[in-house]
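S.K.: There's a structure below that I have some questions on.
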Amino acid sequence: METTKNSNLPAKHNKYFDVRRLVFTALMAALSYLLAQFLEFNIPIMPSFIKFDFSDTPALIAAVTMGPVSGICVCLIKNLIGCITSSTACIGELSNFILGAALVLPAGIISHSSKKFSRAVVGCLVGAAVMAAFGFVSNYFLIYPLYANVGWSTEVIIGLYQKINPNVNTLAECLLIFNVPFTFVKGLIAAIFSVLLYKRLRPIFNSMYREK
């Protein structure tokens, strides 16, 4: 009888762990959506259709504390909700999800494999670099062609970049000169905030959400 009771404990513990993981993921998704809606703004050195926000920070925290799947779920939920009021035929939300996933996936994989704080730092920095690099690929081959299908031709988009820098002539140049540095800095800022918050809350996260 004693063996049977003990054997049931892991199942109960895992169920409790999964509920806490689900609740925290949902909270981070809600926070991420609110940051995207109410704390986004234009950057003078970027075209007006590109905005800066801090919504990647909750997703990154979820990835660092609970693993990459939780981080990606935060990105997905945030953008699914955003599609309800989208002004870009959900193309902007698709782009945001792709970039967010590119950020949190490597960060979550690297940092969640160890409880060392240094792994969280490295994971977040690698995630920022991957997001910037992958952003060029996704924008060039997917996102901007989709915009062209809804009336924003490549020429129109390049024209918006040329208002800031008349020397850019191709979409690839626009992405390399503007989007890649912007995306990296955005990811880096999210990484800094995530690391600082994680450093303070790490004992709680390690005991509640990190797998043993």
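S.K.: Given a 1.4 Å probe and heavy atoms of the protein chains only, how would you sort 24, 184, largest accessible area at the top?
M.R.: Of 24, 184, the descending order of accessible area is 184, 24.
S.K.: Shifting gears a bit: Apply 1/(1 + (r/R0)^6) to the Cβ-Cβ distance of residue 83 and residue 169, taking R0 = 35 Å, and write down the FRET efficiency to the nearest 0.05.
M.R.: It comes out at approximately 0.55.
S.K.: With each pseudo-label sitting 7 Å past Cα toward Cβ, what's the residue 176-residue 117 distance in nm, one decimal?
M.R.: About 4.0 nm, to one decimal.
S.K.: Could you tell me how many degrees, from 0 to 90 and to the nearest 10, lie between the Cα long axis of helix 91-112 and the main elongation axis, the longest principal axis, of the Cα atoms of the chain?
M.R.: Computed tilt is about 40 degrees.
S.K.: Select from 64, 176, 81 the residue farthest towards the positive end of the dipole of the chain; place +1 on Cβ of Lys and Arg, -1 on Cβ of Asp and Glu, and compute about the Cα centre.
M.R.: 64
S.K.: Which three extents, in angstrom, do the Cα atoms of the chain have along their principal axes, listed largest first?
M.R.: Principal axes ranked by extent give 77, 35, 28 Å for the Cα atoms.
S.K.: What whole-number distance in Å separates the alpha-carbon centres of segment 95-126 and segment 42-70?
M.R.: 12
S.K.: If you don't mind, there's one more thing I want to ask. Place a +1 charge on the Cβ of each Lys and Arg in the chain and a -1 charge on the Cβ of each Asp and Glu, then give the dipole magnitude about the Cα centre in debye, rounded to the nearest 20. Mind showing how you got there, number by number?
M.R.: Working: 17 positive and 9 negative charges, 224 e Å.
For the chain, the charge dipole is close to 1080 debye.
S.K.: Could I ask something else about it? How many Å² of accessible area per residue for the chain, probe 1.4 Å? Display every interim value, and only then the final one.
M.R.: Working: 11270 Å² over 212 residues.
So the chain comes to 53 Å² accessible per residue, rounded to a whole number.
S.K.: Estimate the FRET efficiency between residue 153 and residue 38 by the formula 1/(1 + (r/R0)^6), using the beta-carbon distance for r and 35 Å for R0, to the nearest 0.05.
M.R.: 0.65
S.K.: Need one value: the accessible area of residue 170 in square angstrom, 1.4 angstrom probe, rounded to the nearest 10.
M.R.: For residue 170, solvent-accessible area is about 60 Å².
S.K.: Would you check the accessible area of residue 40, probe 1.4 Å, heavy atoms only, in square angstrom rounded to 10?
M.R.: Around 90 Å² of this residue is reachable by solvent.
S.K.: While we're looking at this one, here's another question. For n ≥ 4 DSSP H runs only, could you compute -39500 (n - 2.57) per run for the chain, divide by its residues and tell me the 222 nm figure to the nearest 500? Don't skip to the end; give the middle numbers.
M.R.: Details: 9 runs with 155 residues, N = 212.
It lands at -24500 deg cm²/dmol.
S.K.: Okay, next question. Taking a probe of 1.4 angstrom, what is the accessible area of residue 202 in Å², to the nearest 10?
M.R.: Counting only protein heavy atoms, the figure is 70 Å².
S.K.: Hey, another quick one. Once neighbouring chains are kept in place and the probe is 1.4 Å, which whole percent of the accessible area of segment 70-131 is contributed by carbon and sulfur?
M.R.: 76
S.K.: How would 50, 72 rank on accessible area, largest to smallest, probe 1.4 Å?
M.R.: Correct descending sequence by accessible area is 72, 50.
S.K.: Working out 0.36 nm times the residue gap between residue 27 and residue 48, then minus their Cα-Cα distance, what length gain in nm do you get to one decimal?
M.R.: Stretched fully, the residue 27-residue 48 segment lengthens by 4.6 nm.
The values are calculated or read from the model by the stated rules, or taken from the named source; none is laboratory data. For clarity, every value in this text was computed on a predicted model and none was experimentally measured. Positions of Cβ are generated from backbone atoms using ideal geometry, with glycine treated the same way; all protein chains shown enter the neighbour counts. These area figures cover heavy atoms from the full protein model, side chains too; ligands, DNA and RNA do not enter into them. Shrake-Rupley method; radii C 1.70, N 1.55, O 1.52, S 1.80 Å.
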